[in-house]
Each structure stands twice: as C-alpha cells, then as structure tokens.
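What follows is one structure encoded as structure tokens, with my remarks underneath.
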Protein chains: 2
Amino acid sequence: MIGLKRPKIVILGAGYGGIMTAVRLQKQAGANEAEIILVNKHNYHYQTTWLHEPAAGTLHHDRTRILIKDVINENKITFIQDTVKEIKHEDKKVVLEHDELDYDYLVIALGFEPETFGIKGLKENAFSIRSVDSVRKIREHIEYEFALYNNDKEKKQERITFIVGGAGFTGIEFVGELADRIPELCNEYDIDRSEVRIINVEAAPTVLPGFDSDLVDYAQNILERKGVEFKLGTMIKECTEDGVILSKDEETEEIKSNTVVWTGGVRGNSIVENSGFETMRGRIKVEKDLRAPGFKDVFVVGDCALLIDEENDRPYPPTAQIAIQQSYTCATNLLRLVRGNTEDGLGHFKPDLKGTVASLGEGEAIGTVGNKKLYGTTASAMKKIIDNRYLFLLGGPGLVLKKGKLKLF
Amino acid sequence: MIGLKRPKIVILGAGYGGIMTAVRLQKQAGANEAEIILVNKHNYHYQTTWLHEPAAGTLHHDRTRILIKDVINENKITFIQDTVKEIKHEDKKVVLEHDELDYDYLVIALGFEPETFGIKGLKENAFSIRSVDSVRKIREHIEYEFALYNNDKEKKQERITFIVGGAGFTGIEFVGELADRIPELCNEYDIDRSEVRIINVEAAPTVLPGFDSDLVDYAQNILERKGVEFKLGTMIKECTEDGVILSKDEETEEIKSNTVVWTGGVRGNSIVENSGFETMRGRIKVEKDLRAPGFKDVFVVGDCALLIDEENDRPYPPTAQIAIQQSYTCATNLLRLVRGNTEDGLGHFKPDLKGTVASLGEGEAIGTVGNKKLYGTTASAMKKIIDNRYLFLLGGPGLVLKKGKLKLF
C-alpha cells in the first residue's frame, strides 16, 4: 500500500503564514507527493498590515483582500471554507464547524486575537482591527456617529471623540489614517473639524516604544500637526459603554467616547490553547524547525508561534515579515518529511529582519531599513514597495497590478 | 417719515415655498421697496422630493442641496441662519434660537413634520425622510447594520430586514431606491441578496392610493420584481425597539427589524400651532389670497398651508408643485401690499396641477401628465425634466447644470 496514499498536509488559516506555506508547497511539491488542504473561515486572504486603512475608511477593504482561488492552484491544493473549532492532536484530527479532517501533518497558522491584559470592559466595549469584518464595522460605526451628530438636539461630544488605545505600530498607523479621514467626514456631515478629537493613549512614555527616538519624535510631530492628541505614560484603567477611564501618575480622568479602538496588544488564537497545547498568551514556543515541542507532525507559523530573539532573550514581535519567512522554512521542512529526506534533520528558522516602516497617513511614514532611518515620502514609498513585494511573492506580477499600491510618489 | 422706513418682509423657512417666494421677490421688487429677510435653520435649501435617494444611498445628499447664498442676491435679501422657535403674531415678532425679529409682513413656510397618527412607538423608534440630516442618518444606519451582520456570531435577520411604513409617494419612491441599493450593499458586505428583506406596509388595499389602477399595478409589479414584499391592507399597530407589530383582518404579526422608516403621513410644522394659529394637523386653512384667516400680514405657503380642492371638497396633497405655485401668488400679493396697490384686493391662488410622476428606482417610474399615463423610461425621463425645471425656476440654467439630473436616458 505504500506510495498509494499520499501524506495529507492540513494548513489551518490563510493569513500571511498559512497562505504563503500553501503557495510555497504548490510551487515545490510534485502533484502526487502530498494531499494539501487549506482551511480558512473566509474565501479570501487579507492583508492584516493594511487593515488600519479600511478601518479609517481611507482605502476600500476590497483592496486589502485577495480571493484564495486566485492564488492557489486547485489541482494541487484543496481549499475548504470552514471555521476551525478544535485541534485533536492525539487523534490527528481537526474539528471544523461543518466537518472534521484528519491529517498526517498539520500547520497551525491561525493568527492573532486582541490581548486586553485584563483591562476591564475592553473586550466588551472596544473595537479591534483584526479582520475585514471588524474594520468594515469600525468604518461604518465612525460614519454613523458623524451622521447622528447633527440629528441630536443636544450635541454629544462623545460621538466625535475617537480614542485609540496603544501607540504601537497599528495604533500609530490607524491614527495617521483617521487624521486624514476626519476632514472628509467633517465636510460630508457639516461638522467643524475643530470639534472632533482623536486621542491616542499609550502606557509607555513615548509613541512606538522600542523605535529609534529620532523616528519617534518625527512621528509624534507629524501626527500632532494632523490634530492627534497623545496621552503618553497613561493607562486605560477601564473601558465603559460611555468611554474610557484613564490613569496617569495616580490621577484618573474620564473621557467620553462612543468609539474606542484597542490596538494595544495581540496574542495567539485561543483555539491553540483550548486544544491543549502549551502556550504563552496563546502562542506556542516553537522548536527551531518550527514544530510544536513534542510533536513531530505539527508546525506553527505566524502569530501563534513564539520565537525568542537570542540576542536580547525577548520574543520577536509577531509580524507579517516573520510569518512570511517562516512559511518558506515550514514548506521546505514539510517536503523533507513527506519525501523521507530527514537524515540531516529539518531546517532551522532564522529571521532575516530587513527593516520596518510605519505609515503616518497619506505620504508620510517613518522606518528603518538595515541601519538606515527613513522619513516622510521616502519612508512612505518604501512602505508601498514592501506591500507590493509581498503581493509579488504571493501571486506574481499580476497580483501586484491588481491589488498593489502603485502610486508610489 | 413715510418712505424712509421700508416695510419688512420676513420669510420663515427656505424649503420650496420659502425660497421661491424669496427668489420671486428678489426678481420683482425694487431695491428700496422692501427689506426682505429669509430665515432658515441651515445655510442650504434642499430638495425634499429627492430625499428618498440619499436616504437609500443611491444619490449623494450634496446633489439634493443648494447653498442659499448661491440663489439669493444678498444685496436684496438678508439671510439669517437660525432656528425659528415661536411666532408672536400679536407683537409682530418672531423668536429665533439666537435672535428676535420684528416684521411688517410674515411668510410662514416652515414645511412638514412626520404625522404618526398616534401609532405607538413610531415617533421614538422609526426613521423619517425629512431633511438632509435625517436621510444621512438613515443611509449610515443601513450601512452600519450591513457592516455589523457578519460580525455577529448568531446572524440577526433584523439587521437586514427593512420595513417601510406607507406606500404613498415617498414610501414607494424609497423602496424603489432601496431595492436598487441592496445588491450593492450585499456585495460590499458579503451578504447574500436573498437574505435581505424589504417590506412595504400600507393600510390601504393598494400601493399609491388614489392613483390610476393601471399605474398602481405597474408600480407594484416592478417593485416586486426588484424584491420588495408588500403587505397591503395592513396597519402598523406598534413600532417597538425590535421592529413592528402589524395587524390585518384582526390577525397580528410581529416582524423584527432594526430599521423602520415611516413615510405614512405628514403634517404642518408644530411651531405653527404652538404659536396660537388655528390649525388642522399643523396646517393653517388659508384664505384664497394665501393669508391666514384673520391676519392681514401673515401669509402661509407650502406644507403649513391647508387648501381645499373645491371639486371634491378634499385638501390638496402637500406637494412641491403646489408650494412653488403658491410662492408666485404670495410674492405678487406681498408686492401689492408693499406698494399699497390693493384697490382690487389681492390675487387668488389656484393650483394648476400639471401631473405627477413617482420614481420606482433607476430608469423606472409611473405618472400622469395631463390625462396621459406614463410608464417606465418615459415616466422616468419626465421625472427628471420636472426636477430640472424646478432648478431652472430657482436658479436659472447654471443651477440646472450644477445640480440637475442630466442623464435623461
């Protein structure tokens, strides 16, 4: 019977790590080497790193998503649109909402969830930027608040006060877009721009904690000029139905707002810990070959994988860049296993950090590439190049033309 | 002192009747004959008869509004942006939110309010199509419900069930537009069109009560083909936070909906009755010269004026057509008074009904012009001609080019 039944590889999730693992396998595997199944909740992949734009309404969400059938070859990969409920690793099965799958090899690429650090009311009352559905909701919520404002007999400041929790990457990129969008909304709904507040709250003493201080200063300056207020060294103590309660230096302040967007932290998908894997904030501390400790047949890529940077003994941040790089190692290792080509063991993953760029709205950004600091239009152009390069890796030049950010300057 | 102080004409409201009275006076009055003041809540006039379109989201609301300063000559007319609170006719004064005005002649052109006929909960829980603010709210509410739908773990049918109360002119025109808009929203928010319901509820046994039965059948047929469900001979007993309770033939039915739009009736602005005028549903039964009975100095035009059709002893419906025609009589009569040219009394108003056209969404309409019935694209084109003709009367060819509906076929 050997050789008749192909080994079955099941990939859970079509985010950066999952879909790129599928695309790599499709390129490298022969048609009869393995049965490859990709499971995803939606029939599309989306660009998580772009979601701050449709959340603010500055880019249409269709620009951030790609139909899975447009990048996978259905002769080589079976796509199942379903929601993962549980991984039964002892039975080598995955329970889906409408089905159950067995596997020989599993790739967990289930992405992130917001981490609220136990802050009261945040889960119930704050929005988060995590999916196409969630950002369409934010965009429409904001527009609805603007539309309601002039219908109230007594004007409600909370309708046009926007609180963003967290001044990390997503928080900063989101307030940059929101600051661009607000004047358009003011024009659309006959509201004076000076009435609207955008408040960014960050527990650390600066925005973009961990970034170079020149870049941090530049970013804060640009955003303040666009009308963003910063409350740094400030904790969100509680998020209520009416807004937030902030705390700084033992003083508390309440700010009323109907729109609180939490960008202050992420964790791995809770399906992973609920399935009995050992996790830290939902993330499995993977082996160097990206397998879950103690499992020969389970790989983890992307935001569900915890990886320690040996230089500073701290975890690498969960980024698209790392997820994409992991997919290359993961696909290669899967093929070695499938081919029984394991005499040298499996390949080790080592991130090759090429740099980071954070956008600050239209035409403005900051970042580092190698040791070089980038500002303004240069950084903004680099951001678009990075975005386009990913589309190229995923779907070739056709996808860049279709979904890319081509107005570079 | 005679001749030094010009008589002061104050026009309340810049809807069809008010702004056209101002424009007529501006054309006919010499610069020193009268001081003319126009008071309006907003700095724009809007086309009430077009509001079903921005309410559904098929036309931008800016297309339905015109800045007042673009049609009045500020050398001849003083525009005050303020909200009318009360008319003190004994003191010949008008109380505004931020000011008080005295007058020699007053024109009440304060428009309509929804009439809910005492139906429980309608005022609190239903939307109405009455102003730019109110229709932006409807449009954004609908979009927000679509955006929320896929974020709910358990899908809520009430988010995508739309109830329109009333199958008169506004109700029919609104469901026509909504039926055009829904497929776009389904596409935008990944929802199957067949999940969405548009339900039009009418107490009368047919749609468009009073209209020719061929036209009624045509309209209902077109709208049903677009996916509108009709519940005719059916009363809204109550509108709750959760939807409506309907009643037909002593049976009741509850339909859950987060969006109930009431178009079932209008009445005059309640400021009129609150100021001590005798009214029927907020409308003053005017004399033939359009003055309020017992008042030599108060004219009433538009939806606050009640006018009986002597042919059938029933009130004329409150339409834009009649309001516009009244403004001509009102302006002429004001000038006769100002000029002391009243030996023959004042001119009498007689409506000259040229016909009516109701749109059924893009490219479809029904109507009558004279004794001729119009259907389909012919009626739709006629509707646009009527709309453009009004813009021509208001602001000349420039305004037709700027705000007109010029894609006739």
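The values are calculated or read from the model by the stated rules, or taken from the named source; none is laboratory data. Quick caveat, the model's predicted, so the values are computed rather than measured. Here Cβ is always computed from backbone atoms with ideal geometry, including for glycine, and neighbour counts include all displayed protein chains. We work out accessible area using only protein heavy atoms, side chains counted, and drop any ligands, DNA or RNA first. Shrake-Rupley method; radii C 1.70, N 1.55, O 1.52, S 1.80 Å.
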Find how many whole Å separate the alpha carbon centroid of region A:105-156 from the alpha carbon centroid of region B:169-231.
33
What gaps in nm, shortest first, separate A:Glu74 from its twins in the other copies when you place the label 7 Å past Cα toward the beta carbon?
6.3
On the accessible surface of region A:138-240, probed at 1.4 Å, how many percent belong to carbon and sulfur atoms?
45
Sparse-neighbour loop sites [trypsin sites (Lys or Arg not before Pro); region A:344-380; at most 13 other C-beta within 10 Å; DSSP]
A:Lys354
May I ask you to derive the relative contact order of region A:161-304, considering only C-alpha pairs under 8 Å and at least 6 residues apart, and to give it as an integer percent?
23
Distance check, please: which entries in B:Lys137/B:Lys402; B:Lys69/B:Lys92; B:Lys8/B:Lys92; B:Lys27/B:Lys383 exceed 18 angstrom between their Cα atoms?
B:Lys137/B:Lys402; B:Lys69/B:Lys92; B:Lys27/B:Lys383
Within region A:176-259, GluC sites (Glu not before Pro) in DSSP loop having at most 15 other beta-carbon neighbours inside 10 Å
A:Glu241, A:Glu250
Expressed as a rounded percentage, what relative contact order does region B:277-409 have, with Cα pairs under 8 Å and six or more residues apart?
14
Cα-based Lys pair tally, region A:234-336, threshold under 22 Å, eight or more apart or on separate chains:
5
For region B:301-364, the charge dipole (Cβ of Lys, Arg +1; Cβ of Asp, Glu -1; about the Cα centre) points to a positive end, and the Cα of B:Thr342, B:Ala320, B:Leu353 closest to that extreme belongs to B:Thr342
Listed residue (B:Val228, B:Ile191, B:Pro293) projecting farthest to the positive dipole end of region B:179-320, Cβ model:
B:Pro293
Once fully extended, how much extra length lies between A:Asn371 and A:Glu254, figured as 0.36 nm per residue of separation less the alpha-carbon to alpha-carbon distance?
38.0 nm
Sticking with the crude label model, points 7 Å out along Cα→Cβ, report the distance from A:Lys156 to A:Glu86 in nm, one decimal please.
4.2
Under a Cβ-only charge scheme (Lys and Arg +1, Asp and Glu -1), can you give me the dipole magnitude of chain A about the Cα centre, in debye to the nearest 20?
1480
Of the DSSP beta bridges with both residues in chain A, give the percent that are antiparallel, rounding to the nearest 5.
50
For region B:1-95, give me the percentage of DSSP beta bridges that are antiparallel, rounded to the nearest 5 percent.
40
In Å², rounded to the nearest 100, what is the total accessible surface buried by chains B and A against each other with a 1.4 Å probe?
1800
For region A:154-203, residues shielded by at least 50 square angstrom of accessible area compared with the chain on its own, probe 1.4 Å
A:Glu188, A:Tyr189, A:Asp190
Only Lys, Arg, Asp and Glu count, each charged at its Cβ (+1, +1, -1, -1), so figure out the dipole size of the protein assembly as shown about its Cα centre, rounded to 20 debye.
2300
Mind checking the full-extension length gain between A:Asn75 and A:Lys237? Use 0.36 nm per residue of separation minus the Cα-Cα distance, one decimal, nm.
53.1 nm
Helix A:320-338 versus the longest principal axis of chain A: what angle, 0 to 90°, nearest 10, using Cα atoms?
10
Which Cα, out of A:Thr332, A:Gln81, A:Leu215, lies furthest along the positive dipole direction of chain A (beta carbon charges, K/R +1, D/E -1)?
A:Thr332
When the dipole is taken about the Cα centre of region B:80-154, and only Lys, Arg (+1) and Asp, Glu (-1) are charged at their Cβ, what size is it in debye, to the nearest 20?
300
Whole-angstrom gap from region A:1-71 to region A:332-409, using each part's C-alpha centre
16
Average accessible area per residue (Å²) across the protein assembly as shown - probe 1.4 Å, nucleic acids and ligands excluded:
45
Just to confirm the numbers: B:Lys155, label point 7 angstrom along the Cα-Cβ line, distances to the other copies in nm, shortest first?
4.2
Between chain A and chain B, with a rotation axis joining them, whose C-beta in A is nearest that axis, and what is the whole-Å distance?
A:Tyr144, 2
Can you give the average number of partner chain beta-carbon atoms within 10 Å of each beta-carbon in peptide A:136-148, as a whole number?
6
Teacher prompt: A:Gly370 distances to equivalent labels in other copies, 7 Å Cα→Cβ, nm:
8.3
Length-normalised contact order of chain B, Cα under 8 Å, at least 6 apart, in percent, tallies to 17
